[in-house]
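Participant: Quick one: this structure, given as structure tokens, is what I'll be asking you about.
Bear in mind these aren't lab numbers, they're just calculated from the coordinates by the rules spelled out. All values derive from a computational prediction rather than experimental measurement. Counting neighbours? That spans all protein chains shown, and the Cβs are built from the backbone with ideal geometry, glycine included.
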Amino acid sequence: MNLPSQIGSLLFTHGEPITIKKLATVCEKEEHEVREALHEIKEHLSAIGITLLEEGERVQLVSAPENSSLVKKLLKIDPASDLGKASLETLTI
């Protein structure tokens, strides 16, 4: 399996921000190899409404900002929603 595929699966499954160092450890690769794979992933995601959010050394898959109103509609977000802070932050990005 290629590295972008492995990292994509990890990011999708993890659902929360994860450090590049942790990804490198899990994949048994160097951090620079993970960064290269993340760049490749980022180039391919926009076609399916997903964005790779990078905050310092942490990365996460999130919905594309231009689709936020549609995602909110699906989740029927309201002030009493059971979504956690992280989920709400992800939707607003």
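Participant: How do the peptides 9-15, 42-48 rank, highest first, by the average count of neighbouring beta carbon atoms within 10 Å per residue?
Facilitator: Those peptides, ordered most packed to least, come out 9-15, 42-48.
Participant: What FRET efficiency, computed as 1/(1 + (r/R0)^6) with R0 = 30 Å and r the Cβ-Cβ distance, is obtained for Lys22 and Lys73, rounded to the nearest 0.05? Could you put the intermediate results ahead of the total?
Facilitator: Details: r = 34 Å, r/R0 = 1.12.
In this case the efficiency is close to 0.35.
Participant: Among the listed pairs Lys22/Lys42; Lys21/Lys42; Lys21/Lys73, which are separated by more than 25 Å between their Cα atoms?
Facilitator: Going by Cα-Cα distance, Lys21/Lys73 fall outside the 25 Å limit.
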